[in-house]
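First up is the structure itself, then whatever we jot down about it.
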Amino acid sequence: MKSIFYYLRRFNERAKSEYPISLTQAILIFIVNKLERIFYAFTTLYGKIKLILWGASIGRNFKLHGSLVLNNYGRIIIEDNVRINSVHYYVGGGNQGTILRIGAQGTFIMKDGSGMTNTAVHCFNSITICEGAMIGGGCLLMDNDFHQTNTFNRITKSGNISNAPIVIGKNAFIGGMSIIRRGVTIGEGSVIGTGSLVTKSVPPYEIWAGVPAKFIKKIERDS
Ligand SMILES: CC(C)(COP(=O)(O)OP(=O)(O)OC[C@H]1O[C@@H](n2cnc3c(N)ncnc32)[C@H](O)[C@@H]1OP(=O)(O)O)[C@@H](O)C(=O)NCCC(=O)NCCS
């Protein structure tokens, strides 16, 4: 947790900048930030209670900023150090907050150190977010078609609804407002550009973007 000294240092920097702030402003910002932390401690607790009531398992150091919309008829496994943001008016997108809708046959797993912001998760099969992966604001992860796509079957409510697992690889980063379709695996360390529609699996350490998402470039280690 940041101390008063952190904010005084920041104030000192701002005081010398082109747009200085007053000491009163700095103190009020400090107080507001502390109140916000207390508020988020409550939203985390409330979210944990809700998740546990819906049968989820939750690891250590879970953080939830905001309030979840949640229906779990399957399995939710949240490992250690997971963070979920679910806040309105987030600059990155997704004013609906975070929605988890897990069907009876669905398994949703967030592995150690993964996180997501204002993301809608619709899981009838399996969605796994691997270690350290980050999902940007306003994304949709949907491992199924929600309805039969054969019109005759849809009218008679017969036949299967297509579904296939989604895997977001270790340390992958999904840009804000992207849609990940059923059957897609995003490879370890890969990045998806803002506003992409991903219909095919992405190999490790590549950047893909667009509608539908296409290969942009490989991610190399800086020498
Ligand atoms: C995809 C991304 C990682 C590429 O960044 P970069 O490595 O710096 O690459 P550049 O900006 O040079 O773009 C490379 C090419 O990809 C294209 N591109 C970049 N972002 C794109 C996107 N979102 N959709 C489609 N094409 C995109 C560029 O037009 C460029 O095309 P060109 O080579 O034909 O000129 C970046 O644009 C991005 O979308 N980051 C995600 C940001 C985000 O959503 N954050 C989370 C908010 S909650």
For the range 43-58, which positions are surrounded by 11 or more Cβ atoms within 10 Å (Cβ to Cβ) and in a helix (DSSP H, G or I)?
T43, T44, L45, Y46, G47, K48, K50, L51, I52
Step by step: first the residues of the range 182-200, then only those that are over 15 Å from K170 (Cβ atoms) and of a type in the set (G, A, S), then the one that is surrounded by the most Cβ atoms within 10 Å (Cβ to Cβ). Which residue is that?
S196
If I filter the range 96-117 for residues that are exposed (fewer than 14 other Cβ atoms within 10 Å of the Cβ), in a strand (DSSP E or B) and among the hydrophobic types (A, V, I, L, M, F, W, C), do I get at least one hit?
no
State whether the residues of the range 127-137 include one that is without any contact (Cβ under 8 Å) to a residue 24 or more places away in the chain and polar (S, T, N, Q).
no
Evaluation of V121 against (1) at pLDDT 95 or above; (2) surrounded by fewer than 19 Cβ atoms within 10 Å (Cβ to Cβ) (one fails), failing number:
(2)
Looking at the range 201-223, which of its residues are more than 15 Å from I129 (Cβ to Cβ), surrounded by 17 or more Cβ atoms within 10 Å (Cβ to Cβ) and more than 10 Å from the ligand (Cβ to nearest atom)?
Y205, E206
Pairs, please: C-beta under 6 Å, at least 6 apart or cross-chain, first residue over 16 Å from K200 (Cβ atoms) and in the range 169-186, second of a type in the set (A, V, I, L, M, F, W, C)?
K170/C130; F173/M134; F173/V191; G175/I192
Of (1) without any contact (Cβ under 8 Å) to a residue 12 or more places away in the chain; (2) touching a Phe, Trp or Tyr at 6+ places or on another chain (Cβ under 9 Å), I29 satisfies every one except (1)
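The values are calculated or read from the model by the stated rules, or taken from the named source; none is laboratory data. Quick caveat: nothing in here was measured; it's all calculated off a predicted structure. No Cβ is skipped: glycine too gets one built from the backbone with ideal geometry, and neighbour counts run over all protein chains shown.
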